[in-house]
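Below: one structure, written as structure tokens.
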Amino acid sequence: MTPGSLSRRQIFERAQRRKSAVIATASSAIVIALIVALVPKMPRWDRVRTSFFNAERFRDSFPRLLHAFILDIKIFSWSVPFIVALALLVAITRNSRSPALLPLRVAAIVYTDIMRGVPVLLWIYLIGFGVPGLGMDRPWNSPLLWGSVALVLTYAAYVAEVFRAGIEGVHESQRAAARSLGLSNMQSLRFVVLPQAIRRVIPPLMNDLVSLQKDVALVSLIGPVEILRQAGIDKSKFANFTPYLAAAAIFLLLTIPLTRTTDWLLERERRRTSATRVR
Amino acid sequence: MTTPKISLRDITKRFDAITVLDAVSLDIESGSVVSIIGPSGSGKSTLLRCINLLEHIDDGELLLDGTDISIPGFDPNTVRRRIGMVFQSYNLFPHMSVLDNITLALRRVLGLSRVIAQDRARELLTRFALDDKENAFPDQMSGGQQQRAAIARAVAMEPEVLLLDEITSALDPELVGEVLDVVRELRSTGMTIVLATHEMGFARDTSDLVCVLDGGRIIESGSPAQVFGAPQQERTQQFLQRVINAGRL
Ligand SMILES: Nc1ncnc2c1ncn2[C@@H]1O[C@H](COP(=O)(O)OP(=O)(O)OP(=O)(O)O)[C@@H](O)[C@H]1O
Ligand SMILES: [Mg+2]
């Protein structure tokens, strides 16, 4: 057979693939058509349309909300490095084996239990109102600062558990191999265990980061005007809920590309380093 | 008499209630090849892991060049730098290419530069017929290729003692021959080799000393001629008989 031409098997498989694509497209089209046809038949559809799907309100609010969203992104971006660093520290501490580190291990357990046991919102109130209440001078009394600290402390506890699961998921024989080559405990962790652990936990980690991205909006409850708060202001001013819809759209604009990109990166990495997928 | 390279003195190892090694004593002379044979589950892998301080021993002493390395608080890293190990299940690092698997410890433990470490690694890959695999990841290689990569990784560190756990189990007869040659070659460089194996021919042809382990005890040890030719213990005879019946000798 010449390289350019297709074998009978390849022709058959291509036909099969086409058939699956047609089925997928058709079924999606039917579902969308049903929604478009049925929803407007609902009794209160007209009222919902004017209060939630108001194009003029959308156009008016969108730039303002986008501007307010910058603060969300800022809070998110400066919190993440601290969350990851603190979470790694806590996870590594919990996985340490030296008897001398027992007090630290206990502290790490107590920390994760307490932070995860209380709603994020409550921590934001407690830390965000509590610490500035101590009467420190600027900039140490900023609710923005302490709200972020509350996010960092709570999310680090969740992310630490993700990392811990990842570290424990790396088979002990990997550590044995590393140690047998003369690598120290820390070197084994850094070069052998952590790289494998982190790769495995990227999906749950992304999950936590997407949550964080949304929970950043909770900081608005102690003062800062970010997107959720701005949407609330617009809603009250115009007695229309469309700003909320616009805010939702803005959140999606960020989170969807974020998750799709990580999935794509993961898949690429998997393909580079692994055996081929079984059928 | 010279001090043995490694001395095991009444080494006992328990996992909870089971005693896996029961007062094992063994002197391993410098530059010799010692084979540990015996039925599955008799404690061969555990013995090798104890020598490399990967298992904590419950009783006894372990001497390297006459120094007790089993005393608590002894830095295991200095020992492991001198004693290399190839694991029964290879234990290559799946997130690294073969080349990185080999150079990691060269760079981080021996402090070699990347270039020098890679040169040394490539030399070994050529010797083990893995030239074209330096950028492959462990999951993309056959069992035999992984096994050879694991041997190359341990050998690259130029240890004084090499512990080999079933290194021929995934190889075809031709490669078994090649690995055998490598073992002989390593021995000619003065390396001390301890190998656990089910490959009786391998043990008979390469070793200076053969030890038969059964239920955590060394029930017989001697030259290959003694152990395979005129075994003293009834248990050894039974074991060898079964091996012969299975066509493995
Ligand atoms: N971590 C462990 N915990 C409990 N028991 C263990 C552990 N590791 C090994 N054992 C037990 O110790 C015994 C000896 O195991 P070992 O792996 O040393 O055998 P082996 O002689 O190498 O066998 P094989 O020829 O099948 O490789 C076995 O009974 C095994 O079940
Ligand atoms: Mg074994």
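The values are calculated or read from the model by the stated rules, or taken from the named source; none is laboratory data. This structure is a prediction, so every number in the text was calculated from the model and none was measured. Cβ atoms come from the backbone with ideal geometry, glycine included; neighbour counts cover every protein chain shown. All accessible areas refer to the heavy atoms of the entire protein, side chains included, with ligands and DNA or RNA removed. Shrake-Rupley method; radii C 1.70, N 1.55, O 1.52, S 1.80 Å.
Give me a count of the residues in the range B:110-131 that are part of a loop (DSSP other than H, G, I, E, B), over 25 Å from residue B:53 (Cβ atoms) and open to solvent by 20 Å² or more (accessible area, probe 1.4 Å). Number satisfying all stated conditions: 2. Selection of the range A:97-143 for residues being assigned to a helix (DSSP H, G or I), over 30 Å from residue B:56 (Cα atoms), out of contact with any Gly (no Cβ under 8 Å at 6 or more places or on another chain) and among the small types (Gly, Ala, Ser) yields A:117, A:130, A:133.
Residues of the range B:188-226 being among the polar types (S, T, N, Q) and away from ligand 1 (no atom under 16 Å from the Cβ), which ones? Selection gives B:188, B:189, B:192, B:206, B:207, B:223, B:226.
Go through the range A:155-184 and count every residue that is open to solvent by less than 20 Å² (accessible area, probe 1.4 Å) and either within 7 Å of chain B (Cβ to nearest Cβ) or not in a helix (DSSP H, G or I) (or both). Within the range A:155-184, residues that are open to solvent by less than 20 Å² (accessible area, probe 1.4 Å) and either within 7 Å of chain B (Cβ to nearest Cβ) or not in a helix (DSSP H, G or I) (or both) number 8. Quick one: is residue A:27 in contact with a helix residue (DSSP H, G or I) (Cβ under 9 Å, 6 or more places away or on another chain) and modelled with pLDDT of 85 or more? In short, no.
When A:230, A:187 are screened for being more than 14 Å from chain B (Cβ to nearest Cβ) and at pLDDT 85 or above, only A:230 passes. The residue that is surrounded by the fewest Cβ atoms within 10 Å (Cβ to Cβ), counting only those in the range B:97-109 that are more than 8 Å from chain A (Cβ to nearest Cβ) and more than 21 Å from the chain's Cα centre (by Cα), is B:107.
Restricting attention to the range A:236-262, the residues that are in a helix (DSSP H, G or I) and touching a Phe, Trp or Tyr at 6+ places or on another chain (Cβ under 6 Å) add up to 4.
Would you check if residue A:199 is open to solvent by 40 Å² or more (accessible area, probe 1.4 Å) and within 30 Å of residue A:72 (Cβ to Cβ)? Explain how you work it out, then say what you get.
On the way: open to solvent by 40 Å² or more (accessible area, probe 1.4 Å): yes; within 30 Å of residue A:72 (Cβ to Cβ): yes.
Criteria met by residue A:199.
The listed residues are B:73, B:84, and the only one of them that is open to solvent by 40 Å² or more (accessible area, probe 1.4 Å) and either part of a loop (DSSP other than H, G, I, E, B) or at the interface with chain A (Cβ under 9 Å from one of its Cβ atoms) (or both) turns out to be B:73. Can you confirm whether the range B:27-35 contains a residue that is out of contact with any Gly (no Cβ under 8 Å at 6 or more places or on another chain), within 16 Å of ligand 1 (Cβ to nearest atom) and within 14 Å of chain A (Cβ to nearest Cβ)? No; the residues of the range B:27-35 include none that is out of contact with any Gly (no Cβ under 8 Å at 6 or more places or on another chain), within 16 Å of ligand 1 (Cβ to nearest atom) and within 14 Å of chain A (Cβ to nearest Cβ). Quickly run through the range B:144-187 and pick out the residues that are at pLDDT 85 or above and within 16 Å of ligand 1 (Cβ to nearest atom). Across the range B:144-187, the qualifying residues are B:147, B:150, B:163, B:164, B:165, B:166, B:167. Does residue B:3 meet the test of being more than 9 Å from ligand 1 (Cβ to nearest atom) and assigned to a loop (DSSP other than H, G, I, E, B)? Spelling it out, residue B:3 is indeed more than 9 Å from ligand 1 (Cβ to nearest atom) and assigned to a loop (DSSP other than H, G, I, E, B).
Checked against (1) within 14 Å of chain B (Cβ to nearest Cβ); (2) surrounded by 15 or more Cβ atoms within 10 Å (Cβ to Cβ), residue A:245 passes all but a single condition, namely (1). In the range B:1-22, which residue that is over 16 Å from residue B:69 (Cβ atoms) and touching a helix residue (DSSP H, G or I) at 6+ places or on another chain (Cβ under 7 Å) is nearest to ligand 2 (Cβ to nearest atom)? Only one residue tops the list, namely B:20. If you go through the range B:23-52 and pick out every residue that is assigned to a loop (DSSP other than H, G, I, E, B), open to solvent by less than 50 Å² (accessible area, probe 1.4 Å) and within 16 Å of ligand 2 (Cβ to nearest atom), you end up with 5.
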